[in-house]
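Derivation of every value follows stated rules applied to the coordinates shown; laboratory data play no part. Owing to the predicted nature of the structure, the values given are computational and were not obtained by experimental measurement. Cβ: placed from backbone, ideal geometry, glycine included. Neighbour counts: every protein chain shown.
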Amino acid sequence: EPEVTQTPSHQVTQMGQEVILRCVPISNHLYFYWYRQILGQKVEFLVSFYNNEISEKSEIFDDQFSVERPDGSNFTLKIRSTKLEDSAMYFCASSVWGASDNEQFFGPGTRLTVL
Amino acid sequence: AQTVTQSQPEMSVQEAETVTLSCTYDTSENNYYLFWYKQPPSRQMILVIRQEAYKQQNATENRFSVNFQKAAKSFSLKISDSQLGDTAMYFCAFMKRQGAQKLVFGQGTRLTINP
């Protein structure tokens, strides 16, 4: 069964460094999402992406964040200058289309630790 | 803005018992979807069940059913004949029917099924 995959599973970085989190959505899906979960808190929406454009972003998704689909398979989340408060679990998701009755399939997550 | 609240951080039952997980939400929207996602240990979140707010009939998927009370803004998940494989984190989530396709999650309930 097709799955969303994410790499790496755990990333440790120093404050101020750039990180790129990678996701491979399910191949026929058109909509892509990033969510994050700070330890002990709720899973929060960051951004949705369709047709090489951001369709929606939350207030968390400031200028330090960017997303890209550099090729036909990868979907990346870049954090330009990491802060301690960026430490969280980051989940990628994809769906066939963006209608709200359409299931979002989640990856296993990348745990980001900023020191 | 929408909020989702799960008031039970942890629950534990014996195998074969029935368990009910609670979820309440707040919204001014009239048309929306509600979801229960399951996240087994070290695995990705998967959709368990979905309810459309404009449907009065409660959704059912095999051993999983919901009790959707729209006026009370309550959306509980019942797991019948619980199995060891039901051990997981369970997240309740909300999505507007129109507009942004972002999921708004509750804090999660950690469910343990004991043999």
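Numerical summary
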item: 26 Å tail of the calculated P(r), the protein assembly as shown, as % of Cα pairs; result: 37
item: Shielding by partners, peptide B:47-54 (average Cβ within 10 angstrom, other chains); result: 1
item: Translational D in µm²/s for chain A (Stokes-Einstein at 25 °C, 0.890 mPa s, Kirkwood Rh from C-alpha pairs); result: 174
item: For residue B:49, residues with placed amide H under 5 Å, excluding near neighbours; result: B:36
item: Loop chymotrypsin sites (Phe, Trp or Tyr not before Pro), segment B:35-76 (other Cβ atoms within 10 Å of the site Cβ: 11 or fewer; DSSP); result: B:54
item: 3J(HN,Hα) from dihedral phi, segment A:27-43, Karplus parametrisation 6.51/-1.76/1.60, rounded to Hz, x for glycine, proline; result: 4, 9, 7, 10, 10, 10, 9, 10, 10, 9, 9, 6, 3, x, 10, 6, 6
item: Overall Cα dimensions of segment A:10-69 - principal axes, largest extent first, Å; result: 34, 22, 21
item: Inverse of mean 1/r across different Cα pairs in chain B, Kirkwood, Å; result: 14.2
item: Residue-wise HN-Hα coupling along segment A:86-99, computed from phi with Karplus coefficients 6.51, -1.76, 1.60 (Hz; x: Gly, Pro); result: 7, 4, 5, 8, 10, 10, 9, 9, 9, 9, 4, 9, x, 4
item: GluC sites (Glu not before Pro) restricted to DSSP loop in segment A:29-115 with at most 16 other C-beta within 10 Å; result: A:59, A:103
